[in-house]
Amino acid sequence: MNFNFKEFLSSLQRESRVKECFCTSEECSPIIKKAHSIQNNRILRKISVDGHIIQLCPSFLDNKFSIDSKSIGRKIATVSTNFCDVHDTSIFLPIESKDYVKGNKEQEFLFAYRAFAKEYHVKREAKNVLENANNSSKITGNKLAPNLLGTDISLEQLEREKSIFNNSLIQREFGILATHVIELRHEYHIAASSAFVMEYDFKGNQINNLSNLDQDLKHSFLTIFPQKGKTFIIFSVFRKYRKDFSFIRKQIMNRRLDEQKMIISNLLVTHIENFVISPKIWNQLSENEKEKIKITFQESIESFTNRLYRLKDINLFLENK
Ligand SMILES: [Zn+2]
């Protein structure tokens, strides 16, 4: 059989798209545009070169899976069909139209909210992909049923947390989150917006038990962007989990600057799907360094083993030359 996996996957993804406002209400505008999860005008414009940024993406070559760097136009980078026009504009105004001020709870909430909304959308589409693949004649015998069960369970949690996020937004209860901010005294042209799950911290202490499906996952929300001579790295978690994340202060914030850069770089490459860097950073890396980053990324997808307590010598926080 001449089976082209790449074609099969892209047609699956097309038919599995979700177009739905994360903050559905009567005020929703009918047209849902491509919403940016990283601010296009403030951030992506700054770090792009000739309108392009670099993203690391899985690619399929000769039906083999690998990680490659892709140059992507900033207008389509990090977009998702997860907000209607009205809500995308009104909800994010405090972070789109104003600089971030450290300690501003509303802004910190909105960064986490946006990261969570993107992750929720990704999981909804992943469920559709699995369902459509399972029903496809190309895959026989209900092989994907276990994956579907796992996706259903994690979506059930995300649905609950979606309600918490939206209620908190409406009630302006921004204190549901606890936030740590790392401030670097230089503008690094790197940006991220992501909700993710850490299995272990940097010393190997367990935060989440991924094999226990009965337990809620403790998500972290991470936003990184350069602003006026600084780079902000904003970590948030639900306040009820804050003790599990005290390692952020102890294991990252108390370290030397070069160590902090290495730790965050490792975290980005192994845990964060939605991050972009300037071509100016990527082009400064040696071929060996690029290869090490791609392999680390690939290993993190394939093995499901968290290697954060064995840090690799990777640094994405390079100054523009
Ligand atoms: Zn809406």
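The values are calculated or read from the model by the stated rules, or taken from the named source; none is laboratory data. None of the values given here were measured: they were computed from a predicted structure. Cβ sites come from the backbone with ideal geometry, for glycine too, and all protein chains shown count toward neighbours. Side chains included, ligands, DNA and RNA excluded: accessible areas come from the protein's heavy atoms. Shrake-Rupley method; radii C 1.70, N 1.55, O 1.52, S 1.80 Å.
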- Message: I'd like to verify something in the chain: which complete DSSP H helices, judged by Cα projection on the helix axis, reach 27 Å or more and average at least -1.0 on the Kyte-Doolittle scale?
- Response: 145-171
- Loop sites in segment 237-296: trypsin sites (Lys or Arg not before Pro), DSSP, at most 11 other Cβ within 10 Å: 256
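Just to check, using Stokes-Einstein with a Kirkwood Rh over alpha carbon pairs, what's the diffusion coefficient of segment 189-320 at 4 °C and 1.567 mPa s in µm²/s?
The estimated diffusion coefficient comes to 83 µm²/s.
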- Note on the structure: Summing +1 per Lys or Arg and -1 per Asp or Glu among the other residues with Cβ less than 10 Å from residue 41's Cβ gives +3
- Query: Over 27 Å between Cα atoms, which of 46/240; 123/143; 230/321; 19/75 qualify?
  - Reply: 46/240
- Quick one: Karplus J couplings for segment 276-281, per residue in order, coefficients 6.51, -1.76, 1.60, θ = phi - 60°, nearest Hz, x for Gly and Pro? 10, 10, 6, x, 5, 6
- Item | Estimated distance in nm for a label pair at residue 185 and residue 319, the labels positioned 7 Å out from Cα along Cα-to-Cβ | 1.2 nm
- Note on the structure: Which of 44, 158, 130 fluctuates most in a GNM of the chain (C-alpha springs under 10 Å)? That residue is 130
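For the chain, with all protein chains present and a 1.4 Å probe, just round the carbon and sulfur fraction of the accessible area to a whole percent.
For the chain, the apolar C and S fraction of the accessible surface comes to 49 percent.
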- Message: Taking R0 as 30 Å, what FRET efficiency do you get between residue 156 and residue 309 from their Cβ-Cβ distance, rounded to the nearest 0.05?
- Response: 0.50
- Roughly speaking, what is the centre-to-centre gap between segment 250-267 and segment 141-205 when only Cα atoms are used, to the nearest Å? 21 Å
- Item | For the chain, built as a Gaussian network whose Cα springs stay under 10 Å, the top-fluctuating residue of 238, 297, 116 | 238
- Query: Taking a label point 7 Å from the Cα of residue 228 along the Cα→Cβ vector, which residues of segment 149-185 have an amide N closer than 18 Å to it?
  - Reply: 181-185
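Using 1/(1 + (r/R0)^6) with R0 = 35 angstrom and r between the beta carbons of residue 131 and residue 168, what's the FRET efficiency to the nearest 0.05?
According to the calculation, E is roughly 0.70.
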- Message: With every protein chain kept in place and ligands, DNA and RNA left out, what is the accessible area per residue of the chain? Probe 1.4 Å, answer in Å².
- Response: 50 Å²
- Message: Over the chain, with a Gaussian network built from C-alpha contacts below 10 Å, which listed residue (173, 299, 26) shows the highest mean-square fluctuation?
- Response: 26
- Over the chain, the quotient of the Cα radius of gyration and 2.2 N^0.38 Å is 0.98
- Task: Of the options 212, 170, 147, report the single residue whose Cα projects farthest towards the positive end of the charge dipole of segment 97-232 (beta-carbon charges: Lys, Arg +1; Asp, Glu -1).
- Result: 170
- Using a simple spin-label model with points 7 Å from Cα along the Cα→Cβ vector, what separation in nm is obtained for residue 239 and residue 102? 2.2 nm
- Message: Need the full-extension length gain, residue 17 to residue 93, defined as separation in residues times 0.36 nm minus the C-alpha distance. One decimal, nm.
- Response: 24.7 nm
- Note on the structure: With R₀ set to 35 angstrom, the calculated FRET efficiency between the beta-carbons of residue 143 and residue 294, to the nearest 0.05, is 0.75
